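The next block holds one structure in the form of structure tokens; read it before the comments.
The values are calculated or read from the model by the stated rules, or taken from the named source; none is laboratory data. These figures come from a predicted structure and were not determined experimentally. No Cβ is skipped: glycine too gets one built from the backbone with ideal geometry, and neighbour counts run over all protein chains shown. Note: areas computed on protein heavy atoms with side chains; ligands, DNA, RNA excluded. Shrake-Rupley method; radii C 1.70, N 1.55, O 1.52, S 1.80 Å.
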Amino acid sequence: MVQTPFVITIDGPAGSGKTTTAKALAARLGFIYVDTGAMYRAVAYAVQSLGHAIDDAAAISALVPDLDVRLELRDGAQHTLLNGENIEEFIRSQEMSKAASDVSAIPAVRDAMVSLQRNAVKGTEGAILEGRDIGTVVFPDAPCKIFLVADVRTRALRRKQQLEGKGMVVDLSVIEREIEERDINDSTREHSPLRKAPYAIEVETTNTSIEEQVSMILTLVEKRLRKVRGEDPA
Ligand code: DC
């Protein structure tokens, strides 16, 4: 019998703690983890490397079928590969965040990435996918959906710490402005905008430490998992 993977979707705006939460859940449950934002970042990187304008939807749509985007786990860390090249260190800057947000509005890009994301979970026991449209479009029937929210200042502070941890020098007010712009971009685009999915559990994390956030979500997810597996009829 082919098993249906248990899919957990985590959606939310930039800096809402999706990655940390998804990684912790994956480690605890032994599920795979898919950072779908990295896929859009890989497309943006390809577009820039080839010298296309980021708003040239026709050129970008034509390019997409030639891109081999893969996510691999090496020594416990995720690496993003584009046509076999490890581009992880080039795709996390604020400039790439904005470019990823721009290319992600193009339907041909979305179609290709959604299909990669659906393929990624095949044959697994369970998977955690984080992004913007996972609960609404990629896996609308997922048994467990989380929607994370936090105020802009909190998210900007988290992003600043993350980027500084990677050795980048950043200004809090600039990050805050870029996050606000990306929020607007990602939630107002025509195709698959950032939205809370029906039945998603909304978790507000402005005044919650990342440890508390992870532990709270883990409790929610484990309860749902027991229910789906018939171990907890309550
Ligand atoms: O999660 P992230 O910040 O790495 O995502 C970068 C951009 O990619 C984000 O601003 C919008 C886009 N994205 C998307 O449109 N759909 C997803 N499922 C994930 C990311």
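Values for this structure:
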item: Of R224, R182, R159, the one that fluctuates the most in a GNM where the chain has Cα springs shorter than 10 Å; result: R224
item: Cβ-Cβ FRET estimate between L81 and E125, R0 fixed at 22 Å, reported to 0.05; result: 0.40
item: Cross-link pairs K23/K223; K98/K145; K23/K98; K160/K227; K98/K223; K23/K196 - those with Cα-Cα distance over 29 Å; result: K160/K227; K98/K223
item: Average Cα contact separation per residue, the chain, under 8 Å, 6 or more apart, as relative contact order %; result: 31
item: Reciprocal mean inverse distance between Cα atoms of the chain - Kirkwood radius, Å; result: 18.2
item: Relative contact order of region 1-127, defined on C-alpha pairs under 8 angstrom at six or more residues apart (%); result: 39
item: Percent antiparallel among DSSP beta bridges (both partners in the chain, rounded to 5); result: 30
item: Chain lengthening between R118 and A59 when straightened (0.36 nm per residue, less Cα-Cα); result: 18.7 nm
item: Surface share of carbon and sulfur [accessible, 1.4 angstrom probe, percent] for the chain; result: 52
item: Highest-fluctuation residue, N86, N185, N207 considered, GNM on the chain with Cα pairs under 10 Å; result: N207
item: Potential lengthening between R177 and Q161 on full extension [0.36 nm per residue; Cα-Cα distance subtracted]; result: 4.2 nm
item: Accessible surface ranking that places the most exposed of K145, K98 first, with a 1.4 angstrom probe; result: K98, K145
item: Theoretical ellipticity at 222 nm over the chain - DSSP helices of four or more residues, -39500 (n - 2.57) apiece, nearest 500; result: -14500 deg cm²/dmol
item: Dipole-positive endmost among I179, T124, V152 within the chain (Cβ charges, Cα centre); result: T124
item: Accessible surface, region 110-202, averaged per residue in Å² (probe 1.4 Å); result: 50
